[in-house]
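As structure tokens, the structure follows; a few thoughts come after it.
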Amino acid sequence: MSKLHLVFGGRVTDPRGLEFDDLDAIDIVGIFPDLESAEAAWRGAAQRTVDDAEMKYVVVHLHRLLEPDPHLQAPR
């Protein structure tokens, strides 16, 4: 299985948490095939907003969440 990672961010209601203020304004940086490239993308996005304490970027390990629903599988 691929080790996919999602990098996204946006304005949070509390800089200590992960509650995003406006889900319509989420910045999807991308999906990356490995942690190293995801971290590089995260670092770049976070550096662009370093002066804004209410902006937060995160890396989500998509491969840990992937468990296909058997009811949503294409027929063979």
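Each Cα pair under 8 Å and six or more residues apart adds its sequence gap; the mean of these over the residue count of the chain is a relative contact order of 41 percent.
Over the Cα atoms of the chain, each weighted equally, I'd like the Debye log10 I(q)/I(0) at q = 0.19 Å⁻¹, rounded to two decimals. So the normalised log intensities work out to -0.82.
Laboratory data are not the source of any read-out in this text; all were calculated from the coordinates shown. Just so you know, these numbers come straight off a predicted model, no measurement behind them.
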